[in-house]
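Trainee: I have a structure I would like to understand better, so I am pasting it below and will then ask my questions one at a time.
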């Protein structure tokens, strides 16, 4: 038996080396499979920053780096939204851009009287005539006092050419002899007035009726004119 031990050791050694080699090969194959063959690993792309987080597409969001500018923009949008209904109404009637209507007091005054029926000698929401309307508008919006009667209002104005008309100027008409009708010029050839047929409304100077009745325009001489 003692004579066989050296020979057994020689026989066992190749088997042991073969077994170790097989285990190393198997281990290498398994590691390679885990690194290169796993779908989970393959579908992750590591960012170049080395953060270890996967790179994903982001939705298109506003750049909030300049947070102040962003908040100001949102605030302005909110303010515009609050004033849009009335501005849109008169932008359509005047055929101008909304941004051009920046006199909110003027729009508020016109809107408060809009559609009020015409009544000769009237000066209330039950009925108002043309000269009472222009007198009240200039007083409330521009703090300018003018006489009560249309022909007297013209006397207290400096005559101006139609091409130089500005918002707030008076436009005069001869509807029944002399200066018998008056309105306030707005813009884009439009004027607001208390008409006998439609009450307080907006008309166009180029309308056939008004263009034939037009007798001139004027701007109040001063900010304080004595009333009749």
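Trainee: Residue 190 passes all but one of (1) free of Cβ contacts under 8 Å to residues at least 60 places away in the same chain; (2) in contact with a strand residue (DSSP E or B) (Cβ under 9 Å, 6 or more places away or on another chain); which number fails?
Mentor: (1)
Trainee: Out of the residues in segment 140-165 that are touching a residue at least 60 places away in the same chain (Cβ under 8 Å) and exposed (fewer than 15 other Cβ atoms within 10 Å of the Cβ), which is nearest to residue 179 (Cα to Cα)?
Mentor: 158
Trainee: Taking the condition in contact (Cβ under 8 Å) with a residue 24 or more places away in the chain and farther than 22 Å from residue 96 by Cα, does residue 128 pass?
Mentor: Working: in contact (Cβ under 8 Å) with a residue 24 or more places away in the chain: yes; farther than 22 Å from residue 96 by Cα: yes.
Spelling it out, residue 128 is indeed in contact (Cβ under 8 Å) with a residue 24 or more places away in the chain and farther than 22 Å from residue 96 by Cα.
Trainee: Moving to a separate point now. Among the candidates 122, 178, 115, which residue alone is surrounded by fewer than 17 Cβ atoms within 10 Å (Cβ to Cβ) and modelled with pLDDT under 95?
Mentor: Numbers: 122 fails: modelled with pLDDT under 95; 115 fails: modelled with pLDDT under 95.
Matching residue, one of 122, 178, 115: 178.
Trainee: Taking residue 219 as meeting all but one of (1) surrounded by fewer than 19 Cβ atoms within 10 Å (Cβ to Cβ); (2) without any contact (Cβ under 8 Å) to a residue 40 or more places away in the chain; (3) under 39 Å from the mean Cα position of the chain (by Cα), write down the number of the exception.
Mentor: Only one criterion in (1) surrounded by fewer than 19 Cβ atoms within 10 Å (Cβ to Cβ); (2) without any contact (Cβ under 8 Å) to a residue 40 or more places away in the chain; (3) under 39 Å from the mean Cα position of the chain (by Cα) is unmet by residue 219, namely (2).
Trainee: Here is a check on your reading of the model: is residue 183 surrounded by 17 or more Cβ atoms within 10 Å (Cβ to Cβ), on the phi > 0 side of the Ramachandran plot and within 37 Å of the chain's Cα centre (by Cα)? Show your work before the answer.
Mentor: On the way: surrounded by 17 or more Cβ atoms within 10 Å (Cβ to Cβ): yes; on the phi > 0 side of the Ramachandran plot: no; within 37 Å of the chain's Cα centre (by Cα): yes.
Against the criterion (surrounded by 17 or more Cβ atoms within 10 Å (Cβ to Cβ), on the phi > 0 side of the Ramachandran plot and within 37 Å of the chain's Cα centre (by Cα)), residue 183 does not qualify.
Trainee: So residue 209 ticks every box in (1) closer than 19 Å to residue 152 by Cα; (2) at pLDDT 95 or above; (3) outside any strand (DSSP E or B) but one. Which box is left unticked?
Mentor: (1)
Trainee: Looking at the structure I just gave you, is residue 84 assigned to a loop (DSSP other than H, G, I, E, B), at pLDDT below 95 and surrounded by fewer than 17 Cβ atoms within 10 Å (Cβ to Cβ)? Please lay out each step first, then the result.
Mentor: Working: assigned to a loop (DSSP other than H, G, I, E, B): no; at pLDDT below 95: yes; surrounded by fewer than 17 Cβ atoms within 10 Å (Cβ to Cβ): yes.
Answer is no for this residue.
Trainee: Tell me which strands (runs of 3 or more DSSP E) are completely within segment 112-203 and hold 3 or more residues being touching a helix residue (DSSP H, G or I) at 6+ places or on another chain (Cβ under 8 Å), or say none if there are none. Break it down stepwise before answering.
Mentor: Numbers: elements: 157-160, 170-173, 181-187, 190-195.
Where strands (runs of 3 or more DSSP E) fall fully within segment 112-203 and carry at least 3 residues being touching a helix residue (DSSP H, G or I) at 6+ places or on another chain (Cβ under 8 Å), they are 170-173, 181-187, 190-195.
Trainee: Given the conditions (1) surrounded by 15 or more Cβ atoms within 10 Å (Cβ to Cβ); (2) in contact with a helix residue (DSSP H, G or I) (Cβ under 8 Å, 6 or more places away or on another chain); (3) under 22 Å from residue 142 (Cα atoms), which single one is not true for residue 108?
Mentor: Here residue 108 clears every test but (1).
The values are calculated or read from the model by the stated rules, or taken from the named source; none is laboratory data. Everything quoted here is computed from the prediction, not taken from an experiment. Virtual Cβ from ideal backbone geometry, glycine too; neighbours counted across all protein chains shown.
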